[in-house]
Amino acid sequence: MNNHPIKKSVRKAGLLSLIPGLGQFYNGQLAKGVLFLLITIAFIIELATIGIPAFQGFITLGTVPIRDHSLFLLVKGTLQIIITFVFLMVMLLSINDARHVARQWNTLGMINKSVGSMVKNVWDKGFPYLLTIPAYFIMLFVIVFPVLVTLFMAFTNYDFYHIPPARLINWVGLQNFFDMFFLSSYRDTFVTVLGWTITWTLLATTCQIALGIITAVVANQDFIIGKRIFRIIFLLPWAVPAFVTIMSFSNIFNDSIGAINQQVLAVLNYIPFVHIPDIPWKTDPFWTKTALIMIQTWLGFPYIFVMVTGVLQSIPGDLYEAANIDGANFIQKFTRITLPMILFATAPVFITQYTFNFNNFSIIYLFNSGGPGDVGGGAGSTDILLSWIYKLTTGTSPQYQLASAVTIVISIIVISVSLFAFKKTHAFSNEEMM
Amino acid sequence: MRRLLRNQKSNKFFGRFFTYLFLIVLSIIILYPLFITAQSAFNVSNLAAFTLDWHMQWTLDNFRQLFSQTLYLTWFKNTIIIAISTMIIQVIIVTLAGYTYSRYRFKGRKNGLIFFLIIQMVPTMAALTAFFVLGLIINGLDQYWYLTLVYVGGGIPMNTWLMKGYFDTIPRDLDESARIDGAGHLRILCQINLPLAMPMIAVQALWAFMGPFGDYLLAAFLLRTPSNLTVAVGLQQFIANPTNQNISLFAAGSFLISIPIVVLFFFLQRYFQSGLTAGGTKG
């Protein structure tokens, strides 16, 4: 059986591939080796011309104001880190491939050397990777890149005192996180804004989920005439672009000319013994918050409604028949059959609704720009963390460093809470799913 | 016995009465603000109040003004271009990735899925400046392709996850038998799975298409020239200045972009149920 005299050393093949391509040459796969080597050479040239200066700039963030633009250096350094990471992945791939091929040579005594069989092999084994590469490539630059820049900025002093290129940005270590938790002015704003963000997330999301479920259950009864029309109406808040409705609501809730004060309350006041004075929707924090929660409920319930309607239609009818025979009433049927079925099927989506509202910038910003009033640190009384971050980075005296540090902290909160919730709802437990 | 029967009957009556009452009140709450917006689009300009007006004067002046004196048509065209390219690129990428995560078992799969889930929870708001600088470096500022790529990238994680959930509900037996008959990777994907995933693909296409119409933030940040703006940014300018709001123009512009989206929405509506319940609920 042993018709080839020399065994390949798996170790040696792997070690040689630390310079991608060499391991493939050692295995006798010329075409693959050349390909890997070309990538390596390209990377080395890139590193020598752009990469090394980029890394240096990233470490110093510039030494001479005006000549060195710290922000550009930070961004270029981040890009270089991503490029280097991609090359390291190629290296890992090359090492794995070289070891794999060497092992194959030792056991089977043959390997593919032709270009054709190589292509076929990549197509066959690498198909899943080929299909996901475009997704990862775009995410690398559109998601990973900004996340990394945010992370790095949180450790600098990039604020309105240090606007490049006139001034340099410097690394300051954990200073920003320290300020955020121990400097009273920042801490008070952070705590106030975080408090409202959590209240907002819980109330708005729970309201929209509750209204969605109730509407789905009510509208799904068999006797209803005109079901289709109601369904279409209930979809409208989702179908009309959100910025249109939010800006309209911003006018509708206007204290002096808005429809709520002028028309709705006027109509309600016709009811005997009801007298509601004009409500300061846009000027009183409490009423602005109330309005925001109502509007988000209006905007968000159709999505839940559609999904729950789908779940309801998939619940087998015999369950209700059995319950009827046992003499269950409407409420019992709802709490014992309907609700558990809905929650079982849609809990993960509900979690994403909570994270969505936690970061629901557009409604806060477009309705009343986070106002009214001011709770310090540049935040208005209805600003959630994300709209506060927006103000910190776009205002007249930007504080990118603080915005980044806040982003990092809330990301950690959101990620850990949702991972915990996902675990609890067993979204991960099914192997089929993961 | 008769009393019990009558009791049941009146119970049933009350049940139906409250059901219809609920549905009708909710419908009014939904339609009322929408009617106000739609109506102010046809109202003679200077609005004294933003309310439902029973005896207002109807006019098309707002639309005339929109077309002749503002860049609305250009903004509309820009948005369509961006929306269609976003839709095509995003749907292709998301479908391929979702399919892969559903059908193939490969090294790094689980980590990839968790990565998709986590990375989309980190807000990129603070990094708007980073997008701006990156745009300067690769010459993408004020360019549609750059904005399109940013939209596509932002949509990938969540939608891949939903897409995978949908593919999970398509039985695998078909793949197996096709493979035994000698079908390759591409044939199994294109001839068996893609046609079955059409409802979800339609939903995804609609969402991707709607995104650029609804986004205000990124477009306002990355587009500069007035004639390059998208509809959302352009319309916002009409009411951005509190002392000089032009609500009628805003309403007219909003009315015009809402119509096609709402129509698309209802055409694709029947896909929603299957797309959402299958794709969304699993995970």
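The values are calculated or read from the model by the stated rules, or taken from the named source; none is laboratory data. In this text, all values refer to a predicted model and were calculated from it rather than measured experimentally. No Cβ is skipped: glycine too gets one built from the backbone with ideal geometry, and neighbour counts run over all protein chains shown. Just the protein is used for accessible areas: all its heavy atoms, side chains included, with ligands, DNA and RNA removed. Shrake-Rupley method; radii C 1.70, N 1.55, O 1.52, S 1.80 Å.
Worth a mention:
- Among the residues listed as B:Ile138, B:Ile156, the single one being free of Cβ contacts under 8 Å to residues at least 24 places away in the same chain and within 25 Å of A:Leu140 (Cα to Cα): B:Ile138
- Just one of the numbered conditions (1) in contact with a Lys or Arg (Cβ under 8 Å, 6 or more places away or on another chain); (2) surrounded by 22 or more Cβ atoms within 10 Å (Cβ to Cβ) is not true of B:Gln90: (1).
- B:Thr169 touching a residue at least 60 places away in the same chain (Cβ under 8 Å), of a type outside the set (A, V, I, L, M, F, W, C), surrounded by fewer than 19 Cβ atoms within 10 Å (Cβ to Cβ) and over 25 Å from A:Gln399 (Cα atoms): yes
- Matching entry among A:Asp188, A:Asp179 (being of a type in the set (D, E, K, R), touching a Phe, Trp or Tyr at 6+ places or on another chain (Cβ under 9 Å) and either part of a helix (DSSP H, G or I) or under 24 Å from A:Phe361 (Cα atoms) (or both)): A:Asp179
- Listed by position, the helices (runs of 4 or more DSSP H) enclosed by region A:1-100 that each have at least 1 residues that are closer than 23 Å to A:Gly116 by Cα are A:10-16, A:22-26, A:30-46.
- Some residue of region A:140-147 being more than 9 Å from every other protein chain (Cβ to nearest Cβ), under 26 Å from B:Thr129 (Cα atoms), under 20 Å from the mean Cα position of the chain (by Cα) and at pLDDT 90 or above: no
- Of all residues in region A:171-211, exactly one satisfies the criterion of being in contact with an Asp or Glu (Cβ under 7 Å, 6 or more places away or on another chain) and open to solvent by 30 Å² or more (accessible area, probe 1.4 Å), namely A:Tyr186.
- Against the numbered list (1) at pLDDT below 85; (2) of a type in the set (Phe, Trp, Tyr); (3) surrounded by fewer than 15 Cβ atoms within 10 Å (Cβ to Cβ), A:Phe85 comes up short only at (1).
- The set of residues from region A:115-124 being over 20 Å from A:Val86 (Cα atoms) and without any contact (Cβ under 8 Å) to a residue 60 or more places away in the chain comprises A:Gly116, A:Ser117, A:Val119, A:Lys120, A:Asn121, A:Trp123, A:Asp124.
- Index of the failed condition, B:Lys110 passing every other in (1) assigned to a helix (DSSP H, G or I); (2) buried (at least 16 other Cβ atoms within 10 Å of the Cβ): (2)
- Among the candidates A:Gly57, A:Gly14, A:Gly77, A:Gly23, residue that is in contact with a Ser or Thr (Cβ under 7 Å, 6 or more places away or on another chain) and assigned by TED's automatic domain parsing to the domain that holds A:Phe145: A:Gly23
- Every test in (1) within 11 Å of chain A (Cβ to nearest Cβ); (2) within 15 Å of B:Tyr144 (Cβ to Cβ); (3) surrounded by fewer than 20 Cβ atoms within 10 Å (Cβ to Cβ) is passed by B:Thr230 save one, and that test is (3).
- Filtered residue count, region A:210-239, keeping only those that are of a type in the set (Val, Ile, Thr), more than 8 Å from chain B (Cβ to nearest Cβ) and in a loop (DSSP other than H, G, I, E, B): 1
- Whether a residue is out of contact with any helix residue (DSSP H, G or I) (no Cβ under 7 Å at 6 or more places or on another chain) and within 9 Å of chain B (Cβ to nearest Cβ) was assessed, and A:Tyr158 does not pass this test.
- Whichever residue in region A:240-262 is without any contact (Cβ under 8 Å) to a residue 60 or more places away in the chain, open to solvent by less than 20 Å² (accessible area, probe 1.4 Å) and part of a helix (DSSP H, G or I) and, among such residues, is farthest from the other protein chains (Cβ to nearest Cβ): A:Asn261
- Of all residues in region A:263-286, those that are open to solvent by 80 Å² or more (accessible area, probe 1.4 Å) and either under 40 Å from the mean Cα position of the chain (by Cα) or of a type in the set (Asp, Glu) (or both) total 3.
- Just one residue in the set A:Met118, A:Met91 is surrounded by 15 or more Cβ atoms within 10 Å (Cβ to Cβ), more than 14 Å from chain B (Cβ to nearest Cβ), under 29 Å from B:Ile137 (Cβ atoms) and not basic (Lys, Arg); that residue is A:Met91.
- Here B:Leu113 clears all of (1) facing chain A (nearest Cβ under 10 Å); (2) touching a Ser or Thr at 6+ places or on another chain (Cβ under 9 Å); (3) farther than 22 Å from A:Ser418 by Cα except the condition numbered (3).
- Any hit, region A:322-338, residues being open to solvent by less than 50 Å² (accessible area, probe 1.4 Å), away from chain B (no Cβ under 14 Å), part of a helix (DSSP H, G or I) and in contact (Cβ under 8 Å) with a residue 60 or more places away in the chain: yes
- Within this structure, B:Leu96 fails the test of being open to solvent by less than 10 Å² (accessible area, probe 1.4 Å) and facing another protein chain (nearest Cβ under 8 Å).
- Per-region count, region A:263-286, residues within 23 Å of A:Leu203 (Cβ to Cβ) and assigned to a loop (DSSP other than H, G, I, E, B): 7
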